[in-house]
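To keep things clear, I will list the structure first and then write my remarks on it.
The values are calculated or read from the model by the stated rules, or taken from the named source; none is laboratory data. Keep in mind that what you see is a predicted model, and the values were worked out from it rather than measured. Note: ideal-geometry Cβ built from the backbone for every residue, glycine included; neighbour counts use all protein chains shown.
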Amino acid sequence: MTKQTDCGHPKYKRIAANREIAGLVFEYKTEQCTNCGATLWSSETEILFREWLRKQKAEHPDKFTIQDIKIPLDLYEFAVDFGKRHSVTETDVFRSAIAIFYTHQDAEMISNMKLPKFSQDFVTKKLRTNPVMYLRIETDARLLDLYKGEVVSEIIKRVLHLSQKGEEKMLAEMERLLFAA
Ligand SMILES: [Zn+2]
């Protein structure tokens, strides 16, 4: 185990630390710089954290729910139709859209794309995600200073818009994921 953080100071002490996600607390032991208080997040800790996350998913499946996702009515109806054609629910379609976004090689292009004017009417949804997805949404929410529901709403709007436009790569991705689900 490396005993240095990025701060470059030479002295560390062993401490108990924790990290909170979705109201659940991961406790771990780590090294803390005695000079500036920087703590080390090692690859070993990362492995333990991922294992812990998997356990939380089994034990608290509802904790990783994103609330208050506003979806323009026209896109919502598209998702319902798209789902029907593939014998899945619109919820599966939304979940696939998030999964596609976070694994897409053009995620940055998708983030920056200009969106058209959607319907002014909205459907408000909540969506159960998995811990890994939840973590990414939470990180983005912090970076962008948005609510988690807003982050998800922006992702869904973009991916569904591309699908609705008949962007072939996006449609193929959606179908691949829906059939894999
Ligand atoms: Zn330091």
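Looking at the stretch 52-72 only, could you name the residues that are surrounded by 17 or more Cβ atoms within 10 Å (Cβ to Cβ), part of a helix (DSSP H, G or I) and out of contact with any Pro (no Cβ under 6 Å at 6 or more places or on another chain)?
The one that is surrounded by 17 or more Cβ atoms within 10 Å (Cβ to Cβ), part of a helix (DSSP H, G or I) and out of contact with any Pro (no Cβ under 6 Å at 6 or more places or on another chain): Trp52.
Residue pairs, Cβ under 9 Å, 6 or more apart or interchain, first in the stretch 1-21 and outside any strand (DSSP E or B), second within 15 Å of the ligand (Cβ to nearest atom) and at pLDDT below 85. List them.
Pro10/Gln4
Is it the case that some residue within the stretch 112-130 is of a type in the set (Asp, Glu) and in contact (Cβ under 8 Å) with a residue 60 or more places away in the chain?
Checked against the condition, which is being of a type in the set (Asp, Glu) and in contact (Cβ under 8 Å) with a residue 60 or more places away in the chain, the stretch 112-130 yields no hits at all.
Among the residues of the stretch 137-148, write down those that are in contact with a helix residue (DSSP H, G or I) (Cβ under 9 Å, 6 or more places away or on another chain) and either of a type in the set (Asp, Glu) or surrounded by 16 or more Cβ atoms within 10 Å (Cβ to Cβ) (or both).
Ile137, Glu138, Asp140, Ala141, Lys148
Checking the condition surrounded by 13 or more Cβ atoms within 10 Å (Cβ to Cβ) and either in contact with a Lys or Arg (Cβ under 9 Å, 6 or more places away or on another chain) or in a helix (DSSP H, G or I) (or both), which residue from Ser163, Ser119 passes?
The unique qualifying residue is Ser163.
Name the residue, out of Lys84, Lys157, Lys169, that is crowded, with 16+ Cβ neighbours inside 10 Å, in a helix (DSSP H, G or I) and among the basic types (Lys, Arg).
Lys157
Residues that are under 25 Å from Gly149 (Cβ atoms) and in contact with a Lys or Arg (Cβ under 6 Å, 6 or more places away or on another chain): does the stretch 44-64 have at least one?
So far as the stretch 44-64 goes, no, none of its residues is under 25 Å from Gly149 (Cβ atoms) and in contact with a Lys or Arg (Cβ under 6 Å, 6 or more places away or on another chain).
Which is in a helix (DSSP H, G or I), more than 18 Å from the chain's Cα centre (by Cα), over 21 Å from Val152 (Cα atoms) and more than 16 Å from the ligand (Cβ to nearest atom), of Leu48, Leu75?
None of the others qualify; the one that does is Leu48.
Specify the residue that is farthest from Arg142 (Cα to Cα); the eligible residues are those in the stretch 35-45 that are within 16 Å of the ligand (Cβ to nearest atom) and surrounded by 12 or more Cβ atoms within 10 Å (Cβ to Cβ).
If we take residues in the stretch 35-45 being within 16 Å of the ligand (Cβ to nearest atom) and surrounded by 12 or more Cβ atoms within 10 Å (Cβ to Cβ), then Asn35 is farthest from Arg142 (Cα to Cα).
Just a yes or no: is a residue in the stretch 57-78 touching a Leu at 6+ places or on another chain (Cβ under 8 Å) and among the polar types (S, T, N, Q)?
yes
Looking at (1) within 20 Å of Lys57 (Cα to Cα); (2) crowded, with 17+ Cβ neighbours inside 10 Å, which is the one condition that is false for Met174?
Answer for Met174: the failing condition is (1).
Looking at the stretch 10-33, which of its residues are surrounded by 12 or more Cβ atoms within 10 Å (Cβ to Cβ) and within 16 Å of the ligand (Cβ to nearest atom)?
Tyr12, Ile15, Ala17, Thr30, Glu31, Gln32, Cys33
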